[in-house]
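**Q** Below: one structure in structure tokens.
What follows is calculated from the coordinates using simple rules that are stated; it is not laboratory data. Source: prediction; values computed, not measured. Note that we place each Cβ from the backbone using ideal geometry, even for glycine, and neighbour counts take in every protein chain shown.
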Amino acid sequence: MPEKSLEESAIRLEKLRNIIAAGVDPYPSTSKRSQTIAKVLADFGKLAETGAEVTIVGRLKSVRGHGGACFADLEDGTQKIQLHLKRDLLGASSFDFFQANIDHGDFLQVAGKLFVTKMGEKTVEASAFSLLTKAMRPLPAKWHGLSDVEVRYRKRYLDLIANPEVRGIFRKRSLIVQTIREFFAREGFMEVETPILQPIAGGASAQPFITHHNALDIDLYLRIAPELYLKRLVAGGFERVFEIARCFRNEGIDHLHNPEFTQIEFYQAYADYNDLMALTERLLPEIVDKVCSGLTVTYDQKTIDFRPPYPRISFRDVLIEYGGIDLEKYPDRASLAQAADQAGVRVEDSDDRGKIMDNLFKKLARPKIVNPTFVINHPIELSPLAKKLRRDERYVERFQLLVGNGIELINAFSELNDPIDQRARFMEQERLREKGDVEAQRVDDDFIEALEVGMPPTAGFGMGIDRLTSLLTNSHSLKEVILFPTMRPE
């Protein structure tokens with residue numbers, strides 16, 4: 001802590017001792033509020049005209065003036081209002097107690113009537129106050145705001161106090177989740193919860209976190225996706241299910257990745273990926289309009305138009321259009337690796353043909369897509385859980401929705417429900433793991449058994465809530481939209 005802050009904390013500690021010595025509880029358990037500050041401001045004219053007394057609570061943000069009167073600002077979770085405190089009205093002992101012991105940052109309960117100052121400021125004329133919480137450290141505002149991003153992310157409580165616009169971001173995030181829940185409830189989906197601790201980390205190609213359960217003496221994995229459990233529920237008879245799922249992946253941290261993140265996954269029986277593209281064109285506009293009051297948003301100095309319909313372009317064609325590479329002209333790993341090298345895309349010795357295709361897509365095509373675009377029909381090597389295209393089994397019924405410089409917002413496919421095909425693809429993933437691919441998926445025998453019992457034709461969808469929030473709030477790092485992002489220890 002800076003030396004100046006240490007000095008102020010020592011002063012506050014002395015004030016705390018004085019408060020206790022005066023017989024005042026600096027941390028009482030009860031408080032009273034007649035209405036929020038926002039409600040007081042909304043009804044100000046009527047309340048002032050009738051002379052009604054209000055009782056408000058909140059954090060003291062500033063104090064101005066000396067002598068027999070002072071002004072102060074009080075803020076609760078809804079708004080801020082000015083206070084006027086006078087010795088004549090409060091009484092000498094109460095006013096002197098305020099002057100001697102109350103600091104910005106303290107929480108107060110204040111009662112009084114309303115008036116408008118000569119400067120036109122809506123104000124509460126305090127007739128009584130009580131201390132609710134004595135703050136032992138100064139607010140960030142004392143340091144002229146809080147702009148150091150490391151401090152902002154590590155001490156989010158300070159960030160929220162000092163930067164009201166940050167609170168706005170998380171209110172929008174909450175509205176996004178609320179809108180998602182309302183949408184899927186209307187569509188006839190049931191919200192469910194599936195295990196976070198799993199014996200096999202499946203449902204995505206990612207490296208998991210591992211932990212140990214002492215009583216059972218077994219290793220478990222933090223889930224990388226809820227997919228395989230949600231599909232078990234479809235096999236069990238729930239035809240429409242969704243989960244707002246906290247997931248964990250042991251991967252690098254950058255502006256689009258955090259080791260723990262939140263996504264919405266849903267599965268719909270008797271549907272395919274075309275049905276989900278149509279659903280996406282209903283879901284996204286509803287969220288965007290609710291949060292942004294319109295269907296165009298600005299992200300990274302670009303205007304994104306969320307009005308449907310969204311273009312559809314195949315994985316093969318998007319690489320041809322933006323990268324100049326036709327996958328079908330490079331049918332084996334060696335030829336595709338050479339083409340990637342010539343295009344400036346690095347190829348590792350452990351990269352199989354699917355990994356090379358994915359890297360070409362990520363480096364050459366994705367960054368060039370701004371408006372919402374469905375990239376469809378991915379190579380089978382990239383999609384071990386999706387159904388093959390009937391007309392060309394080298395590709396699968398999958399789409400990604402890309403937006404805002406190629407951010408992958410949604411991943412969805414017609415789900416593979418053939419247990420024999422699924423086992424074969426899991427075994428191919430195991431072969432890739434043996435060659436060094438730590439993100440390759442494992443064989444999940446219990447899931448295959450669920451498919452053997454029978455799962456109806458089903459389509460599944462995953463959308464990153466953190467990424468969507470960053471797009472709709474023009475935030476360029478997931479750390480801005482995750483309340484407590486993962487940070488390197490100090």
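**Q** Roughly how large, in nm² to one decimal, is the mean projection of the convex hull of the alpha-carbon atoms in segment 3-141?
**A** Projected area, direction-averaged: 8.7 nm².
**Q** Please list, or write none, the lysines whose alpha carbon is within less than 28 Å of the alpha carbon of Lys86, excluding same-chain residues fewer than 8 places away.
**A** Lys15, Lys32, Lys39, Lys46, Lys61, Lys113, Lys118, Lys122, Lys134, Lys142
**Q** If I take the Cα coordinates of segment 225-287 and project them onto the principal axes, what are the three extents in Å, biggest first?
**A** Taking the Cα atoms of segment 225-287, the three principal extents are 37, 30, 17 Å.
**Q** Please report, in debye to the nearest 20, how large the charge dipole of the chain is about its Cα centre when each Lys and Arg carries +1 at its beta carbon and each Asp and Glu carries -1 there.
**A** Roughly 1920 debye for the chain.
**Q** Using the Cα centre of the chain as origin and beta-carbon charges of +1 (Lys, Arg) and -1 (Asp, Glu), tell me which of Tyr27, Ser62, Phe184 is placed farthest towards the positive end of the dipole.
**A** Looking along the dipole axis, the top candidate is Ser62.
**Q** With the contact rule set at Cα under 8 Å and sequence spacing of 6 or more, what percent relative contact order holds for segment 3-141?
**A** 27 percent
**Q** DSSP beta bridges in the chain, what fraction antiparallel, as a percent rounded to 5?
**A** 90 percent
**Q** Could you pull out every one of the lysines with an alpha carbon less than 20 Å from that of Lys387, ignoring same-chain neighbours closer than 8 positions?
**A** The qualifying lysines are Lys231, Lys355.
**Q** How large is the translational diffusion coefficient of segment 380-429 in µm² per second when you combine the Kirkwood radius over alpha carbon pairs with Stokes-Einstein at 4 °C and 1.567 mPa s?
**A** Calculated translational D: 110 µm²/s.
**Q** Residue farthest toward the positive end of the dipole of the chain, with Cβ of Lys/Arg at +1 and Asp/Glu at -1: which of Thr36, Ile465, Gln82?
**A** So the residue we want is Gln82.
**Q** Could you give each residue of segment 482-490 its phi-based ³J(HN,Hα) in whole Hz, using Karplus coefficients 6.51, -1.76, 1.60 with θ = phi - 60°, and x for Gly or Pro?
**A** 10, 4, 10, x, 5, 10, 5, x, 6
**Q** Continuing with this model, one more query. Per 10 Å bin from zero, what fraction in whole % of the C-alpha pairs of the chain is there, up to the bin with the longest pair?
**A** All Cα pairs considered, the percentages come to 4, 16, 22, 20, 14, 11, 9, 4, 0.
**Q** Okay, moving on. If you average the sequence gap of Cα pairs under 8 Å that are 6 or more apart and divide by the length of segment 333-386, what percent do you get for the contact order?
**A** Relative contact order of segment 333-386: 32 percent.
**Q** About the Cα centre of segment 3-141, what is the dipole size in debye to 20, counting +1 per Lys and Arg Cβ and -1 per Asp and Glu Cβ, all else neutral?
**A** Charge dipole, segment 3-141, about its Cα centre: 160 debye, nearest 20.
**Q** Here's something else I'd like to know. Dipole of the chain (Lys/Arg Cβ +1, Asp/Glu Cβ -1, origin at the Cα centre): which of Ile253, Asn274, Leu483 lies farthest to the positive side?
**A** Checking the options against the dipole of the chain, the answer is Leu483.
**Q** Which whole-angstrom value gives the distance between the alpha carbon centres of segment 163-219 and segment 347-366?
**A** Going from one Cα centre to the other spans 29 Å.
**Q** Cα centroids of segment 228-282 and segment 31-51: how far apart, whole angstrom?
**A** Using only Cα atoms, the two centres lie 45 Å from each other.
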